[in-house]
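Below: one structure, written as C-alpha cells.
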Protein chains: 2
Amino acid sequence: MTAPKTTIAEKLQTKFDSLTRAERQLANSLLDNYPVSGLASITTVAQNADVSTPTVARMVQKLGFKGYPEFQRALRDELEARISNPIAKHDNWATTAPETHILNRFADAVIQNMRQTLGQLDPDEFDGACAMLADKERCVYIVGGRITRALADYMFTHLQVAREGVSMIPSNSNTWPHYVLDMKAGDVLVVFDIRRYEHDILRLAELAKERGVEIILFTDQWSSPVSKFAIYRFNCRIEVPSAWDSSTATLLIVETMIACVQDRTWNITSDRMEELEKLFDRTRLFRKFI
Amino acid sequence: MTAPKTTIAEKLQTKFDSLTRAERQLANSLLDNYPVSGLASITTVAQNADVSTPTVARMVQKLGFKGYPEFQRALRDELEARISNPIAKHDNWATTAPETHILNRFADAVIQNMRQTLGQLDPDEFDGACAMLADKERCVYIVGGRITRALADYMFTHLQVAREGVSMIPSNSNTWPHYVLDMKAGDVLVVFDIRRYEHDILRLAELAKERGVEIILFTDQWSSPVSKFAIYRFNCRIEVPSAWDSSTATLLIVETMIACVQDRTWNITSDRMEELEKLFDRTRLFRKFI
DNA sequence: AAATTTCTGTAAAATATGTTGCAAGAACGA
DNA sequence: TCGTTCTTGCAACATATTTTACAGAAATTT
C-alpha cells in the first residue's frame, strides 16, 4: 500500500483545531473508547456527546464522508483491519502500536495515576490551598527535594509571574536558615516531598511551622512525614512501569493550582504579565546593541 | 455482573446444532471475522450471508435477544471490553467536584493533550531517540528555556542516574560556549523549546549542529525553529484553560523516554543505582557526625 | 455597540431499517 | 408417494434513523 490511509482517529486529531465547540465535544466523545463509541446509531452517538444529531451528521461530512452510514462503514473497515491484523501495522500509535509498547504501558499507568489522584483529592482543600497562595499578604516559599526540585522550580516560575513575594528555596540546605529567618507567621511554604523522603526538608518544615508558617505539602500516596506539620496535603500517585516514579499526576495538580491562583489574582496577574512582556521586549532590544 | 457472561460467539457455537440450514449459513458468516461482520445493518448482514432479512431477525431472537438492535448492542459491548483505548474514558475525574470545577476542566484538557500528542507521535522516531540516548558512546547535553528549564532539569536528573556523560546546560547563556567547546560529532543535544521560542537556544542548536551533534527537540504543536536542525522532533500539545501552557504531555513523553532508555541500558543503570544508594547512605552517615 | 457571520439545536421530511404475516417450498416420516 | 411439519423468502407494515430546512443563539468583526 503506497498511500498511507489515515484513520478516522487521525483525521479527528488533525482537524481538531478547525472544529467548532460542539464538534470538539463530539470528537472527544468519539475518541473516548475509540472506535466502539462510533458504532452506535447517530442518535446515540449524539446523546453520548451531548450534542444534537445534526451536529454529528455535519461533522462526518466535514471529515469527508458522504453521510453517517458511510462514516460508520469506514469505522467498521478500520476495526476489521485492526482486529484481523493485530501485529502488522505500526503507523498510528493510539490504534495500532502493540499493547506492550512502553508508550502504551506508560500512558496507561499515568492515566491511572491521574484518575486515582484526582479521585482522592478533596476539592475544598484544593480551593483552600489556592486561596492561601493567592493571598498577597502572605509570602510564598517553595522547596523541593532531589527529584521534586524540578516540580518546585516549575511552580516557582509560574507563581512568580502571577504574584509578588514568591521565593524558591535552593537545593543547598546550608542556605536555608537565611530563608527561615525571613519567614513570618501566615506565610506559606510549599513543600514537595516524595518517597526517599528527605530529612533536611522535614527539619525545614518543622522550623517553618514553629514560626507560624502554613505548609502546603505535595507528597506521594504513602505521605511524607512532613504531613504532620502541613495544613493542606495532596497525595499524588506516582507508580509507573519503571525503576522510579512518575511526576505527571503531581504536575497536573500543580498546574491546575497555578491556573486557579492565577484566576483569583487575575487583576494583578494580567498587569504583571503585560509588564513582563514589555521587560522582555526591552531586554531583547538591549541585546541587539551588544 | 457475577455470572460469567457468555459471548455471542459462544452462543452461536453452542446452539449451532439446533440451528436450521439458513441459520447455520448466517452463523458462519457472523463468526467469520467476528464481531465486525455483525455490526452492519440487518440487511447487509443478511446479504453477506446470502439469507433473507427475516432469517436474521428470527435467529437473533432465537439467541435470546429481543430484536436486532439489542443483539447489536451486545456485540458492541463485547467489543468494547475486548478493545480498550489506552487513554480510557473520562467519566469524572474529581468525582466530588462539579463538572465545571477547574480540576475537571483542566484534567479534561490535559487528557486531550496527551491523546493528541501520543496520536501524532511516531513510535519509530521515539525508539530512535531512545536508542540514541542509550548509546554510551555519545555524550548527552540537555538545555531548556525559561519555562521548559524545569523539564530539562527533570530529564537531566533521571538520565544522570541511568548513564554517564550527561550534562545540563545552565540557563545563563554566557556559559554556553564552554559547553559547545566540549561537544563532538555524534553527541546528542536534547532541546526543549516551546512557544515564545528563544533566540539564544536557536543559536545554540545551530552551533551544535555545525559540530555534528544530533539534536532531539521537544517542542509544541507549532514547532520551534530549532526543528530545522533536529534529527528527532516531538510535538507536544500544550493548550489548557489558562493564560499559559501545560507541560504535562511533554512530561509524559519525557518520562516514558527515560524509562525506555533505562530499559536499554539496564545492565549499567542497575549498577549505577546501587552504587548511588551506597553513596547516599554514606552521605547520611557522614552528616550524623556533624 | 451594531452588524455580520458562523454555529447549533428543533422539527419535520426523507430514507433506511427492522418486524411480521403469509404462502411457497423443502425435509421428513409413514 | 403422500401428508405433515418445519423452514424460508417475499412483501407490506411499523419503526427508527438520517438528512434537510430553518430560526434562534453565539461569536466575531467592524
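What follows draws every value from the coordinates through simple rules; no lab data is involved. Note that the coordinates shown come from a computational prediction; the quantities given were computed from them, not determined experimentally. Glycine gets a Cβ as well: all are built from the backbone with ideal geometry, and neighbour counts include every protein chain shown.
Take peptide B:48-55, look around each residue's Cβ out to 10 angstrom, count Cβ atoms belonging to other protein chains, and average those counts.
Average per residue, whole number: 0.
When Lys and Arg each count +1 and Asp and Glu each count -1, what net charge do the other residues less than 12 Å away from A:Arg76, Cβ to Cβ, add up to?
Net of charged neighbours comes to -1.
Quick check: pseudo-label points 7 Å beyond the Cα along Cα→Cβ at B:Glu206 and B:Thr14, how many nm apart are they?
Taking the simple label geometry, B:Glu206 and B:Thr14 are separated by 7.3 nm.
Tell me whether chain B comes out rounded, prolate or oblate; compute the Cα gyration tensor, take square roots of the eigenvalues as a ≥ b ≥ c, and use a/c under 1.5 as the rounded threshold.
prolate
Let me spell out the model: positive unit charges on the Cβ of Lys and Arg, negative unit charges on the Cβ of Asp and Glu, origin at the Cα centre of region A:8-92. What dipole size does that give, in debye rounded to 20?
My answer is approximately 200 debye.
Given contacts defined as C-alpha pairs under 8 Å and at least six residues apart, what's the relative contact order of region A:119-269, whole-number percent?
25 percent
Counting only other residues whose beta carbon sits under 14 Å from that of B:Met273, what net charge do I get with K and R as +1, D and E as -1?
Around B:Met273, the surrounding residues sum to -3.
Name the aspartates and glutamates eligible as straight-distance cross-link partners of B:Lys15: C-alpha to C-alpha under 14 Å, and not fewer than 8 places from it in the same chain.
Partners found: B:Glu23.
Expressed as an acute angle from 0 to 90° and rounded to the nearest 10, what is the orientation of the C-alpha long axis of helix B:266-288 relative to the principal long axis of chain B?
60 degrees
When you look at the Cβ of every residue in A:113-121, what mean number of other chain Cβ atoms sits within 10 Å?
5
Counting only other chains, what is the mean number of Cβ atoms within 10 angstrom of the Cβ of each residue in peptide A:30-40?
6
Suppose R0 equals 60 Å. What FRET efficiency, 1/(1 + (r/R0)^6) with r the Cβ-Cβ distance, do B:Lys66 and A:Asp124 give to the nearest 0.05?
0.80
Give the residue from A:Ala40, B:Ile215, B:Val51 lying farthest towards the positive end of the charge dipole for the protein assembly as shown; charges sit on Cβ (+1 for Lys and Arg, -1 for Asp and Glu) and the dipole is referred to the Cα centre.
Going by the charge dipole, the pick is B:Val51.
Compare the Cα positions of B:Val180, A:Leu79, A:Met132 along the charge dipole of the protein assembly as shown (+1 at Cβ of Lys, Arg; -1 at Cβ of Asp, Glu; about the Cα centre) and return the one farthest towards the positive end.
Towards the positive end, the residue furthest out is A:Leu79.
What's the percent breakdown of Cα-Cα distances in region A:111-279 across 10 Å bins, shortest bin first?
Cα pair-distance distribution for region A:111-279, in percent: 11, 40, 36, 13, 1.
Cα convex hull of the protein assembly as shown: how many Å³ per residue?
So the per-residue hull volume is 194 Å³.
By a straight-distance test (C-alpha under 20 Å), which aspartates and glutamates pair with B:Lys209 as possible cross-link partners, with residues fewer than eight away in the same chain excluded?
Those aspartates and glutamates meeting the cut-off are B:Glu125, B:Asp135, B:Glu137, B:Asp182, B:Asp187, B:Asp193, B:Glu198, B:Asp200.
Which whole-number percent gives the relative contact order of chain B, counting Cα pairs below 8 Å spaced six or more residues apart?
14 percent
Loop only per DSSP, at most 16 neighbouring Cβ atoms within 10 Å: give me the trypsin sites (Lys or Arg not before Pro) in region A:163-195, ordered by residue number.
A:Lys184, A:Arg195
Could you order peptides A:228-237, A:143-152, B:209-218 by the average number of other Cβ atoms within 10 Å of their residues, highest first?
A:143-152, A:228-237, B:209-218
Where the only charges are on Cβ atoms (+1 Lys, Arg; -1 Asp, Glu), what is the dipole of region A:158-209 about its Cα centre, to the nearest 20 debye?
Charge dipole, region A:158-209, about its Cα centre: 120 debye, nearest 20.
Any idea what log10 I(q)/I(0) is at q = 0.17, 0.25 Å⁻¹ for region A:8-92, Debye with uniform C-alpha scatterers and no solvent?
-0.65, -1.34
Report, in cubic angstrom per residue, the convex hull volume of the C-alpha atoms of region B:181-290.
184 Å³
For the protein assembly as shown, list the cysteines whose Cβ sits under 4.7 Å from no other cysteine Cβ?
Result for the protein assembly as shown is A:Cys139, A:Cys236, B:Cys139, B:Cys236, no neighbouring Cys Cβ within the cutoff.
Tell me the net charge near B:Ala150. Cut-off is 11 Å between Cβ atoms, B:Ala150 excluded, with +1 for each Lys or Arg and -1 for each Asp or Glu.
Once positives and negatives cancel, what remains is +1.
For label points placed 7 Å from Cα toward Cβ, what is the shortest-first list of nm distances from B:Gly128 to its copies?
So the distances to the same position in the other copies read 5.2 nm.
I need the inter-copy label distances for A:Lys11: point set 7 Å along Cα to C-beta, values in nm with one decimal, smallest first.
3.2
Evaluate the charge dipole of chain A about its Cα centre and quote only its size in Debye, nearest 20, assuming +1 on the Cβ of each Lys and Arg and -1 on the Cβ of each Asp and Glu.
Magnitude of the dipole: close to 780 debye.
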